[in-house]
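Each value in this text was obtained by applying a stated rule to the coordinates, not by laboratory testing. Here the structure is a predicted model, which is why all the values come from computation and not from measurement. Here the Cβ positions follow ideal geometry from the backbone for every residue, glycine too, while neighbour counts run over all protein chains shown.
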Amino acid sequence: MSDVKVYEIEMEVRTPLVLSSYEAIGNVFSTDWKYIPGHVIRGALFSQLMREGKEVPIREEARDPTVFFQPAYPVLDGRETIPAHPMIYKCKVCKKTVINLEKFEECEEHPFCMESKGGSLVFIDENGNLKFFEYEYVDLESLGINRVIKGRELEMLYSFIGISPNTKFKCRVTDVSGKLGELGIKDLGELKIGRGISRGFGLVELKIEEIEESKLVEDRSREIEKIIGKKEDNPLILLVKSPTFNLSGSKFGLDWKLDLSLGGTELKCEEVILTGRTSISGFSLAGGIPKAKLTNLIDIGSLLFFETGGAIQEEELMKEIARKELRGFGPYSQIGLNFLEVHPIAYGGDLQ
Ligand SMILES: [Zn+2]
């Protein structure tokens, strides 16, 4: 059996990118997502391949998913951003940042000025400091041109707020069946993504690298070990990177639940710190199926704490976590749900 392939996809925005959970309101396009959701990347990628005449096995993928889409977060000088959790505080006056999972810490100079930054985007700079990432937006009003009468019409006036050209994103797509390889994903040079693509928005340039999953898992499991530490009572803390299912199934029979077993044992969740709840809609698992809406999902930046009873120290389990970071921790990771990550900011400690 050939090795599972992971495609590391870097996207550089060429025309304003409109990332919105809703369709345009009238002629207004706005941006409310802080990342590119997996289902948006999946839709854009499959559509592009189909436009090029490839036979994308959409129905097969809906029945038996083999391609998993991480959300894409912005990168700054090669540094990946991540959603901040609710225990990351910033002083509104002097901008001092505090991460403390144990107690609420005030800014000494400015009492009552700490504000939780949960859900904002952060990255760790070259000196090991936590920095906040802000998008640059472009905000324009444009006149559409009516191609038939070659004139301008008032109802074609539209306005939009989009993410500025030159912004870079990165995500990984894991392909356990080799389908993307056969479809020639590596030859794709650009993609149209987000809202308003028929008006020229959302053109991104792609750089795609193919990596063996086993190699990534090997390297990543060592990083995870370093982050979690060797202490026996260290909990496993997962940072939510894409809308995530609840921890328990529904008593109404819905089996939408995170898969948090490691080494065949179900981990016990001790605590959840939420940034909030969210919903997603606008994807369809196969052509012809009405678009679904999922509500009450755990939002990005939330933290989940698990008791591991020391079991986590085993190398095989570290690898299992690394693999789940790539393939998702639950069902529906083919459309970008249930991606979580072990990250130093969730451990509140040394960011170096
Ligand atoms: Zn202050």
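A cut-off under 14 angstrom between Cβ atoms defines the neighbours of ASP77, and their net charge, with Lys, Arg +1 and Asp, Glu -1, is -1.
A straight chain from GLU134 to LYS103 at 0.36 nm per residue would run longer than the Cα-Cα distance by 8.5 nm. As I understand it, the value is the acute angle between the Cα axis of helix 315-327 and the longest principal axis of the Cα atoms of the chain; what does it come to in degrees, rounded to 10? With both axes taken from Cα atoms, the answer is about 20 degrees. Between helix 213-228 and the chain there is an angle of about 50 degrees, using the helix long axis and the longest principal axis of the Cα atoms. In this calculation the C-beta distance from LYS186 to GLU60 is compared with R0 = 30 Å, giving a FRET efficiency of 0.90.
Give the calculated FRET efficiency between ARG51 and ARG14 to the nearest 0.05, with a Förster radius of 25 Å applied to their Cβ-Cβ distance.
Details: r = 17 Å, r/R0 = 0.69.
Efficiency, from the Cβ-Cβ distance: 0.90.
If you take all other residues with their beta carbon under 14 Å from the beta carbon of SER47, and give Lys and Arg +1 and Asp and Glu -1, the sum is +1. Cysteines of the chain lacking any other cysteine Cβ under 4.7 Å from their own Cβ: CYS94, CYS113, CYS171, CYS269. Think of the chain as having a plus end and a minus end, set by charges on the Cβ of Lys, Arg, Asp and Glu; of GLY301, PRO165, PHE69, PRO165 sits farthest toward the positive end of this dipole.
Between helix 38-51 and the chain there is an angle of about 40 degrees, using the helix long axis and the longest principal axis of the Cα atoms. Over all other residues within a Cβ to Cβ distance under 14 Å of HIS110, the charged ones net out to -1, with Lys and Arg as +1 and Asp and Glu as -1.
Rounded to the nearest 5, what % of DSSP beta bridges with both residues in the chain are antiparallel? Can you show the working numbers first?
On the way: 71 of 73 bridges.
The answer is about 95 percent antiparallel.
Under a model in which nothing but the beta-carbon of Lys, Arg (+1) and Asp, Glu (-1) is charged, the chain shows a dipole of about 1260 debye around its Cα centre.
Give me Rg over Rh for segment 1-116, both radii from the alpha carbons and Rh done the Kirkwood way, two decimal places. Let's see the in-between values first.
Numbers: Rg = 20.5 Å, Rh = 18.5 Å.
Ratio value, two decimals: 1.11.
Stokes-Einstein, applied to the Kirkwood radius of the chain over Cα pairs at a viscosity of 0.692 mPa s and 37 °C, places its translational diffusion at 152 µm² s⁻¹. Averaging the Cα positions of each part gives two centres, and for segment 13-79 and segment 85-147 these lie 25 Å apart.
Fully extending the segment from SER116 to ARG277 would add 56.4 nm, taking 0.36 nm per residue of separation and subtracting the current Cα-Cα distance.
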